[in-house]
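Values quoted throughout were computed directly from the atomic coordinates according to the rules given, and no laboratory measurement underlies them. Quantities reported herein were computed from a predicted structural model and do not represent experimental measurements. Neighbour counts are summed over all protein chains in view; Cβ atoms, including those assigned to glycine, are modelled from backbone coordinates with ideal geometry.
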Amino acid sequence: MNSQDRGNETMTTRTAKTARLALACTCLAVFLPAASQALPEDAGQPILGTYDNSLLLLDEGKQVFYGAPGTPAEIIQGTLKISGEEIVIERIDGEVKKVSVTGSPALYQQQPAIDQALVTAEGQSIILDYDTQHMSAVGNVRFTQGNDQWTGCQIDYYLESRQLSTPRCADGSQARAILSPRNTQ
């Protein structure tokens, strides 16, 4: 291969990498699918990301944002806030499929509807699966909406149906709930 061919190959490789980088960077512009159940205005809000470092894995369709204890990585769009020491966004064909958050704690919050209180979840890890519209929080978990609170080892929240499941812990300990009277919310 002569130097001109190497130069052309390098230019083609750079162009392809630049195109893939531009495509992957649009990840934040279309961060969360409109299908997630939340305020309709959230999807039209600007997305703000703050982090200490990030890693773009073009071939894997992943964007990783890193924070640290006390200064977590954070993604905010409207009422949605996701934060943790590590946020991994997985995309297939440009569409966000899964968001995984780990940290001390990993945090998710969003207002599901204009007439409903903010939903918050925290745990050692949180996984949002947009194909199944499911959020799972694991490890010293707390889930709140308004004055109601659930705690346990794992919480499963179904975004579309707004259903919550809090199974017994693997060690046999029970989950707990504190529910306020209807008229105080």
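The slack between LEU58 and GLN109, meaning 0.36 nm per residue of separation minus the straight C-alpha distance, is 15.6 nm. Other residues lying with their Cβ under 15 Å from the Cβ of ILE47 contribute a combined charge of -1, Lys and Arg counting +1, Asp and Glu -1.
How do 165-177, 141-153 rank on mean C-beta neighbours within 10 Å, highest first? Kindly include the intermediate steps, with their values, before the conclusion.
Values: 165-177: 11.7, 141-153: 18.2.
The densest-packed peptide leads the list: 141-153, 165-177.
Quick check: net charge around ALA73, other residues with Cβ under 11 Å of its Cβ, Lys/Arg +1 and Asp/Glu -1? Once all neighbours under 11 Å are counted, the net charge is -4.
Between TYR158 and THR120, the FRET efficiency from the beta-carbon distance, with R0 = 22 Å, is close to 0.85. Applying the Karplus relation 6.51 cos²θ - 1.76 cosθ + 1.60 with θ = phi - 60° to region 47-64 yields 3J(HN,Hα) values of 9, 10, x, 10, 6, 7, 7, 9, 9, 10, 9, 4, 5, 9, x, 10, 10, 10 Hz, where x marks Gly and Pro.
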